[in-house]
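Worksheet for the structure shown next.
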Amino acid sequence: MSRKRTVTPNDQLLGPLLDLLARRLRAEAVAELTTFGLRPRHVIAMTLLRDLGEQSQSDLADRLGIDPTNLVALLNDLEADALIERRRAPQDRRRHTVILTTAGARRLADVEHVVAGSEKRLFAALAADEMATLHTLLHRAAAAAAGGKDAPAVSPDCPGAALAVDCADDQSAGNSL
């Protein structure tokens with residue numbers, strides 16, 4: 001006599017599967033980023049600057065959810081490689097604004113290309129239409145989790161979610177990315 005397996009609500013939990021995939025993608029992404037001399041926090045800041053344009057340092061610190069002092073260290077890293085540029089704000093010479101340089105935009109595009117390759121390898125078992133459906137569903141779920149149907153899919157507390165970066169994993173102290 002064959003026994004039928006009873007399906008419980010726990011059999012449908014998505015969290016463990018999403019966590020497994022995110023951890024594998026994150027590990028690959030972090031390894032790839034080191035070849036560019038970057039950490040996830042650098043890529044997150046560069047992505048925000050690309051997507052939002054020039055930002056004041058204080059606004060960028062707020063968007064990244066980090067202390068302004070920690071932002072200065074992060075920006076020093078990026079500026080040393082000419083990936084960002086800090087400028088005096090014309091309306092208040094005591095404040096600085098930050099922009100992504102052309103070299104920074106190129107480096108970010110290269111990083112995103114490599115990360116896309118990692119995603120493609122990780123999700124190789126899915127057909128193109130399945131990947132599109134998965135992306136749509138995850139985007140909708142992320143938007144809902146961020147505050148509603150039209151809310152941004154990237155949390156202001158962790159804009160690196162799009163790179164499968166767990167902000168908590170990249171914090172060395174306090175709220176630094």
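The values are calculated or read from the model by the stated rules, or taken from the named source; none is laboratory data. Fair warning: this is a prediction, and the values are worked out from it, not measured in the lab. Note that each Cβ is placed from the backbone with ideal geometry, even for glycine, and that neighbours are counted across all protein chains shown.
Numbers for the structure displayed
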quantity	calculated
Selection count where residues are acidic (D, E) and under 26 Å from A31 (Cα atoms), scope the stretch 115-147	1
The stretch 136-159 - residue that is aliphatic (A, V, I, L, M) and at pLDDT below 60 and, of those, farthest from L48 (Cα to Cα)	A151
Residue identified as over 23 Å from T34 (Cβ atoms) and out of contact with any Cys (no Cβ under 7 Å at 6 or more places or on another chain) among T97, T47, T101	T97
Qualifying residue in the stretch 120-141 (condition: among the hydroxyl-bearing types (S, T, Y) and over 23 Å from M46 (Cβ atoms))	yes
Close pairs (9 angstrom Cβ cut-off, 6 or more residues apart or separate chains): touching a residue at least 24 places away in the same chain (Cβ under 8 Å) and surrounded by fewer than 21 Cβ atoms within 10 Å (Cβ to Cβ) in the stretch 41-69, acidic (D, E) and in a helix (DSSP H, G or I) anywhere	T47/E112
Count of the stretch 86-127 residues which are touching a helix residue (DSSP H, G or I) at 6+ places or on another chain (Cβ under 6 Å) and of a type in the set (S, T, Y)	1
Positions within the stretch 83-95 being in contact with a Leu (Cβ under 9 Å, 6 or more places away or on another chain) and not β-branched (V, I, T), in sequence order	L83, E85, R86
I99 vs. criteria touching a Leu at 6+ places or on another chain (Cβ under 7 Å), of a type in the set (A, V, I, L, M) and not in a strand (DSSP E or B)	no
Identity of the residue in the stretch 68-87, within 18 Å of the chain's Cα centre (by Cα) and outside any helix (DSSP H, G or I), that ends up nearest to L38 (Cα to Cα)	L83
Hits in the stretch 39-57 - residues which are over 13 Å from the mean Cα position of the chain (by Cα) and not in a helix (DSSP H, G or I)	G53, E54, Q55, S56
Test: L60 is under 17 Å from the mean Cα position of the chain (by Cα), within 22 Å of A103 (Cβ to Cβ), in a helix (DSSP H, G or I) and at pLDDT 95 or above	no
